[in-house]
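Written below as structure tokens is the structure these notes are about.
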Amino acid sequence: MLIDSHCHVNFEGLREDYSDIAQRMHTNRVHRALCVSVNLPDWPAMMSMVEHEPTLYGSVGVHPDYEEEVEPTVEDLVSRSQHPKVVAIGETGLDYFRIKGDLTWQRDRFRTHIRAARETGLPLIIHTREAREDTIRILQEENAAEVGGVMHCFTESLEMARASIEMGFYISFSGIVTFKNAKDLQETARQLPLERILIETDSPYLAPVPHRGKRNDPSLVAHVAEKIAELKEVSFDQVAKQTTDNFYNLFNKIKDIPKAS
Ligand SMILES: [Zn+2]
Ligand SMILES: [Zn+2]
């Protein structure tokens, strides 16, 4: 069994096709996917999809690349997270690659999410690009180790991965790890313990090889698992089992979800 720990299947193009996608997930033994929130205006529609799809879980948060949004408050995030299928806070974090200028607002928004996570006990889904020092510093200052989380779609250094693991975080690899030119990232995956690794698609973006450049969906997380197995010289089944166990260890609110939902 495989789990896609990070996707956006509520986005236009995937949402309408979800019954076909769910079929392909079934064929590839991808049993579950975590549909990650990027803003609050689209959150109710995302959660109504999550409610109706037994294969999906959800989160609540505002992505660091969404500049024009109404700022979330701790209270709002906490109250939305009471939904039984919201199992994490995020995605949140820092992105100094895509967004330039005075990013005080991004850091403030990040702190708001960490505070909401600590208040709810839910883990964090972190998006971090070219902001290594500030990401780690803010996580430390806000005592994020208390809840832990995942560094999603990880593309940063081995050193940053290790610092994150020390704070109780997992490292999630996307289709990027299958790309020919991703040598450093492949070496990072090789060095990390399988017990701290998650796999994801971040679909609709970043389709893994051999689908690179095409539309991505959660069924293709199988190619990420294959690559991790190759890099770590373990079996595909071992990667499937361990990353699934890791997923349920991290997103442990799932055990409280009534079976029917
Ligand atoms: Zn992201
Ligand atoms: Zn994402």
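Yes/no per residue for (1) within 18 Å of C153 (Cα to Cα); (2) modelled with pLDDT under 95; (3) within 14 Å of ligand 2 (Cβ to nearest atom):
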site: G13; (1), (2), (3): no, yes, no
site: L34; (1), (2), (3): yes, no, yes
site: S37; (1), (2), (3): yes, no, yes
site: E51; (1), (2), (3): no, no, no
site: V70; (1), (2), (3): no, yes, no
site: S81; (1), (2), (3): no, no, no
site: G90; (1), (2), (3): yes, no, yes
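Within region 53-60, is even one residue in a helix (DSSP H, G or I), farther than 30 Å from N143 by Cβ, open to solvent by 10 Å² or more (accessible area, probe 1.4 Å) and more than 16 Å from ligand 1 (Cβ to nearest atom)? For region 53-60, residues in a helix (DSSP H, G or I), farther than 30 Å from N143 by Cβ, open to solvent by 10 Å² or more (accessible area, probe 1.4 Å) and more than 16 Å from ligand 1 (Cβ to nearest atom): absent. Would you mind telling me which numbered condition in (1) in contact with a helix residue (DSSP H, G or I) (Cβ under 6 Å, 6 or more places away or on another chain); (2) of a type outside the set (F, W, Y); (3) away from ligand 1 (no atom under 16 Å from the Cβ); (4) closer than 27 Å to L103 by Cβ E166 fails? All conditions pass for E166, except number (1).
Taken over region 198-229, residues that are surrounded by fewer than 24 Cβ atoms within 10 Å (Cβ to Cβ), of a type in the set (V, I, T) and at pLDDT 95 or above amount to 0. Within region 206-222, being in a loop (DSSP other than H, G, I, E, B), in contact (Cβ under 8 Å) with a residue 40 or more places away in the chain and under 18 Å from K180 (Cα atoms) holds for L206, N216.
Here the condition is being assigned to a helix (DSSP H, G or I) and among the polar types (S, T, N, Q); of T201, T188, T155, T128, it holds for T188 alone. Just one residue in the set V209, V239 is of a type in the set (A, V, I, L, M) and more than 14 Å from M1 (Cα to Cα); that residue is V209.
Consider region 36-48 and keep the residues that are part of a loop (DSSP other than H, G, I, E, B) and within 19 Å of the chain's Cα centre (by Cα). The one that is surrounded by the fewest Cβ atoms within 10 Å (Cβ to Cβ) is D42.
You will find that of T155, T104, T128, the residue that is in contact with a Ser or Thr (Cβ under 6 Å, 6 or more places away or on another chain), free of Cβ contacts under 8 Å to residues at least 40 places away in the same chain and either open to solvent by 10 Å² or more (accessible area, probe 1.4 Å) or within 16 Å of ligand 1 (Cβ to nearest atom) (or both) is T128 and no other. The set of residues from region 61-77 being open to solvent by less than 10 Å² (accessible area, probe 1.4 Å) and either within 16 Å of ligand 1 (Cβ to nearest atom) or basic (K, R) (or both) comprises G61, V62, P64. Tell me, please, whether a residue that is within 15 Å of the chain's Cα centre (by Cα) and open to solvent by 40 Å² or more (accessible area, probe 1.4 Å) can be found in region 16-35. Checking region 16-35: at least one residue is within 15 Å of the chain's Cα centre (by Cα) and open to solvent by 40 Å² or more (accessible area, probe 1.4 Å).
The residues listed here are R80, R111; of these, the one that is in contact with a strand residue (DSSP E or B) (Cβ under 9 Å, 6 or more places away or on another chain), of a type in the set (K, R) and more than 16 Å from ligand 1 (Cβ to nearest atom) is R80.
Exactly one residue among I165, I176 is open to solvent by 10 Å² or more (accessible area, probe 1.4 Å), within 16 Å of ligand 2 (Cβ to nearest atom) and assigned to a helix (DSSP H, G or I), and that residue is I176.
If you go through region 81-101 and keep only what is out of contact with any helix residue (DSSP H, G or I) (no Cβ under 7 Å at 6 or more places or on another chain), open to solvent by 30 Å² or more (accessible area, probe 1.4 Å) and either closer than 30 Å to M25 by Cα or part of a helix (DSSP H, G or I) (or both), you end up with Q82, P84. Across region 246-261, the qualifying residues are those that are open to solvent by less than 60 Å² (accessible area, probe 1.4 Å) and in a helix (DSSP H, G or I), and the one among them that is farthest from E51 (Cα to Cα) is N246.
The values are calculated or read from the model by the stated rules, or taken from the named source; none is laboratory data. Computed from a prediction, not measured in an experiment: that's the story for all the values here. When we count neighbours, we look across all protein chains shown, and the Cβ atoms used for this are built from the backbone with ideal geometry, even at glycine. These area figures cover heavy atoms from the full protein model, side chains too; ligands, DNA and RNA do not enter into them. Shrake-Rupley method; radii C 1.70, N 1.55, O 1.52, S 1.80 Å.
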